[in-house]
Amino acid sequence: MALAAASSILSTAVVGGILLIVVLLIIRNMWKKKKQTGSCVGCSCGCSDCPHSSK
């Protein structure tokens, strides 16, 4: 029974670690895009110097 519990804990930790890595990669990608554009993605502020402005 102890082996099954240890296996369950290990598999939960592995899945949690994979999910954490995926979330960190998504946040890193969003951070890089924000730094490249200098503004948030989907900005609709209408400023003349905004790269997302349609004006």
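The values are calculated or read from the model by the stated rules, or taken from the named source; none is laboratory data. Here the structure is a predicted model, which means the values were calculated and not measured. Note that we place each Cβ from the backbone using ideal geometry, even for glycine, and neighbour counts take in every protein chain shown. SASA here: full protein model, heavy atoms, side chains in, ligands and nucleic acids out. Shrake-Rupley method; radii C 1.70, N 1.55, O 1.52, S 1.80 Å.
Tabulated data for the structure shown
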| item | result |
| --- | --- |
| Among the residues listed as 19, 10, 3, the single one being open to solvent by 70 Å² or more (accessible area, probe 1.4 Å), of a type outside the set (D, E, K, R) and modelled with pLDDT of 95 or more | 19 |
| Contacts under 8 angstrom Cβ, first residue in the stretch 25-45 being modelled with pLDDT of 75 or more, partner open to solvent by 100 Å² or more (accessible area, probe 1.4 Å), 6 or more apart | 30/41; 33/41; 34/41 |
